[in-house]
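What follows is one structure encoded as structure tokens, with my remarks underneath.
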Amino acid sequence: MKLNKLMTAITFATLSATAVTASAGDKYADFPITVKGYTGDKTHSVSYGGQVARQVLQTSLMKLAYKGNGEANPELLSQMNAYYSGKDAGRAIIAPASKDGFPVAQTQVDQLSKGKNLAGKTYKGAVPGWPGNMTAVEVLNFMIEKASASDAGFDYTNGMDYPQLISKFAMGAVFYNQAVDNYLDEKLAADTKPNDKAYKKGTAYTGKEHVWDEAFGYFGAPTNGATVDAKQAYAVAKGKKDVFAKADLNGNGKIDLDTEMLYAHAYYAAGADKSGKTNYLNTITQAFIDGRQLITDAKGEKLSDAQRTQLMAFADTIKKNWELVIAEAAFKYAGSVYKDAQKLQAGIEKNEDVKALFKKYIHHWGELKGFSIALQTGGKDLGGFAVQLNRLVGFSPVLLGNTQVTGIDAKGNYVQASSVSLNEFALQMLKSQKALADQYPLKARLNDQLENLSALADKIGSGESTEND
Amino acid sequence: MDSLFNEYWLQLSQLFSNSQQRLYWGYLLSALLISALWLVFIEKGKSTKLNLKSLLISHWLSKSSSADYQVILINKALFLIITPLLITKLYIATLIYEQLHLYIPIRSDLADITPEWLVVTLFTLTLFIFDDFARFFLHKLMHEIPWLWHFHKTHHSADKLTPLTVLRSHPVEGLLFSLRSALVQGSCIAIFIYFFDDKVDLYTVLSVNVLLFIFNILGSNLRHTHIYIRYWHWLEALLISPAQHQIHHSTLPAHFNKNYGATIAVWDKLFHSHCYSQLSDNLQFGLNSKQDSQEHSLYNLYIRAFVDIGKSIRSFLKSPKALKKRSLPD
């Protein structure tokens, strides 16, 4: 009889342990409602629709930035502003949009969340890497205005690719800044958005649950981000129909933009992870899941000091890896600009038509610039490294007459001055890669222009280096 | 501390297990086979006592050989600590690669028009030749510059040669050769990659430059033995034979400052330090014919160089001309 009781107890304990493990799960979804006194009809407590709305505002804004016709275009400017600072209803989701074999469920921003914009959540600090001593909001407004008058997004005179600059910088100044410098930072304080109260009166989630969800929404991963294969995730963001079946997690025949799509830095995490040398997407999403589970396990009670310490550790994992994702992207594009500058120089020497090359060069520089200034919006003082990176990358790429943008005049026009040669600028890109690699423990190191050197040095080995005869 | 100790033993074991090392077991085995074939088929049993003595245990337990072992053990420990502080070939390569952007702005189409096999062949050959020349030239300086000779004496004080004698060197000499290696290899890597980009590679066998592998597998370890293997004169004008290197270690004044080369003999020809091997193989090794066993003490192997340099400096300060009159080696 005693043996039977013992077996029953063991079975019960095993089942309980299994239940706890199962509840942790591998998806960022379906966390139960823990807030006390909730009387609504929600069945779970996860909510980050506002953040996904901002993700599609950003992707749509980028699309609009390509629509300039080379002249001042007030209509386009107004449309772009609607996606950056407007809150009006009726804004269509321009991207991601349905494609043949890859239908998406939502077509309006309001279907995700109403009354959202990017401007209200943009980093409030100054951006020393951009000319004009502007705040991040001012920089984005400036870029949007320039983009509206650009030649399909490009300003060939000053070497600007506005869609890239706007997109990459907004990802940092809005999503990265909000997540790492707000939700995963001050809003994790004990008395801020506590876990024993609803986030707002009547919400199905507690203060801490929603704070954590919002940070997750800004990262841009789908709910299966902790386990999804990087190549598959990357293809989902590109809207490839061959991965549709795997991406349609709930099997409703459409991609739900709030739970099944990949955005922003989650996309670049997958881009780095495709190298097989990193695992940023899975690592960051898993840390989000683990943190959310910890909050859920508090069952609507205030987090203890020990729980908060553990939560901060998860936040730390997210912040560190997120920063690395941006640094890896900047590293990659510094390598691209290096190669472009070399090819451009060679093309000029041979009197070839370099228009296409120049466009590519500007494009890659735009990505590099966007990521490098985004890196500086995380609320961390990057000190001398930031100064060095800003100087190396410059306010524009070196242009064909060996000039470079050095500032902005009172009328908002770029000012150029003579600068280094294209080849010297290529060298600055090498130094940018070195500076990034010295500052961060980068692993993917895509487009590593010094890789050939290190690989060959390794191959030669060190045998007999100190021997004589 | 444990990891440092483990690393020490790992590095020691790699002396014999790593094919990039001269003492790799495969090269030692090939040297043994070559010497056996030489003694049986070429010498036909007419070898001198000196040749055969080098195969006896007493030779390997001599004071000279014991000093070799001590130097190897001590230097490995020293370099375990020093190596992370040394300038690396990657550092040099990066530095030169960066400077090339400034001084040679136009790379031309070399990378596009040169077939990959040719780039790899050129790199393999260039690296081997420049490395060998640098080795020759620094070796020559070690003999001809007085203060450097004080350090190099540690190597030449060996009066019984075994393959392990190659590692009997003063740490200062080790540092200089490490710097030499970084400079030569770093320069070659930077220049080739600057002009040929990712086409640059190295032909290797067992992870070693194929030319260095051939040199090692064909008996490089016989240079530090008493097996007097000679080549034809035409070949000795091109490549240094084991006998020629043994001449380099000879105590005969006529052999002083001869055959500095590691593999290629042409450098010695060009710098007038070349010496063919002779039929007679009764060579005596060491600093001089009257060398005593004190030369194998740790004091003499490690400290005396500094004391001698100190004396030279004092002597120079008293009478600069006196220094110039010194003849080398001691």
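The values are calculated or read from the model by the stated rules, or taken from the named source; none is laboratory data. Computed from a predicted model, the values in this text were never measured in an experiment. Every residue, glycine among them, receives a Cβ derived from its backbone with ideal geometry; neighbour counts consider all protein chains shown. What goes into the accessible areas is simple: the full protein's heavy atoms, side chains included, and nothing from ligands, DNA or RNA. Shrake-Rupley method; radii C 1.70, N 1.55, O 1.52, S 1.80 Å.
For chain B, what does -39500 (n - 2.57) per DSSP helix run (n ≥ 4), summed and divided by total residues, give at 222 nm, in deg cm²/dmol to the nearest 500?
Values: 16 runs with 187 residues, N = 330.
After summing the helix terms and dividing by residue count, I get -17500 deg cm²/dmol.
Could you tell me what percent of the DSSP beta bridges with both partners in chain A are antiparallel, to the nearest 5? It would help to have the intermediate numbers written out before the result.
Numbers: 13 of 14 bridges.
In chain A, approximately 95 percent of DSSP beta bridges are antiparallel ones.
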Run the dipole for the stretch A:323-452 about the Cα centre, Lys and Arg Cβ at +1, Asp and Glu Cβ at -1, nothing else charged, and hand back the magnitude in debye, nearest 20. 120
Among B:127, B:216, B:206, pick out the residue whose Cα is farthest towards the positive end of the charge dipole of the protein assembly as shown, where Lys and Arg carry +1 and Asp and Glu carry -1 on C-beta, about the Cα centre. B:216
Using only atoms on other chains, find how many Cβ atoms lie within 10 Å of each Cβ of peptide B:168-178 and report the average. 2
Over the heavy atoms of residue A:277, what accessible area does a 1.4 Å probe trace out, to the nearest 10 Å²? 110
Ranking by accessible area, most exposed first, for A:59, A:122 with a 1.4 Å probe: A:59, A:122
The answer for the per residue Cα convex hull volume of the stretch B:99-139, in Å³, is 78
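So which GluC sites (Glu not before Pro) in the stretch A:300-381 pass both tests, a DSSP loop state and at most 14 other Cβ atoms within 10 Å of the Cβ?
In loop regions of the stretch A:300-381 (DSSP not H, G, I, E or B), the sparsely surrounded GluC sites (Glu not before Pro) are A:301, A:352.
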Using Cα atoms only, what is the angle between the long axis of helix A:207-219 and the major principal axis of chain A, expressed in degrees (0 to 90) to the nearest 10? 40
Can you tell which of B:102, B:39, B:278 lies farthest toward the positive end of the dipole of chain B, using +1 and -1 charges on the Cβ of basic and acidic side chains (Lys, Arg; Asp, Glu)? B:278
If you take the alpha carbon radius of gyration of chain A and divide it by 2.2 N^0.38 Å, what ratio comes out, to two decimals? 1.07
Cα principal axis extents for the stretch B:2-324, largest first, Å: 61, 58, 50
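What's the average, rounded to a whole number, of partner chain beta-carbon atoms within 10 Å of each residue's beta-carbon in B:252-260?
Mean partner-chain Cβ count within 10 Å for B:252-260: 0.
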If you put +1 on each Lys and Arg Cβ and -1 on each Asp and Glu Cβ, how big is the dipole of the protein assembly as shown around its Cα centre, in Debye rounded to 20? 1440
Centre separation in Å (Cα based) which lies between the stretch B:198-269 and the stretch A:241-275: 62
Counting partner chain Cβ atoms within 10 Å of every residue's Cβ in A:444-456, what's the average? 5
Let's test this: bin the Cα-Cα distances of the stretch A:231-275 at 5 Å from zero up to the farthest pair and state each bin's percent. 5, 27, 32, 21, 11, 3, 0
Using only the Cα atoms, what convex hull volume per residue in Å³ does the stretch A:230-355 have? 154
Compute the long axis of helix A:49-65 from its Cα atoms, compare it with the longest principal axis of the Cα atoms of chain A, and write down the angle in degrees, 0 to 90, nearest 10. 20
Rg/Rh over Cα atoms for the protein assembly as shown, Kirkwood Rh, comes to 1.11
For chain B, set up a Gaussian network in which alpha carbons nearer than 10 Å are linked by springs, and say which option among B:41, B:213, B:137 fluctuates the most. B:41
Using only the alpha-carbon atoms of the stretch B:174-300, report the extent along each of the three principal axes, biggest first, to the nearest angstrom. 56, 41, 30
For the peptides B:287-300, B:183-196, A:416-429, what is the packing order when you average, over each peptide's residues, the other Cβ atoms within 10 Å and list the highest mean first? B:183-196, A:416-429, B:287-300
Convex hull around the C-alpha positions of the stretch A:323-452: the volume in Å³ per residue is 114
Does anyone have the angle between helix A:2-24 and the longest principal axis of chain A? Alpha-carbon axes, 0 to 90°, nearest 10? 30
For labels at residue A:249 and residue B:121 in the simple 7 Å Cα→Cβ model, what's the distance in nm? 5.7
Kirkwood-based shape ratio for the stretch A:40-100, expressed as Rg/Rh from alpha carbons: 1.11
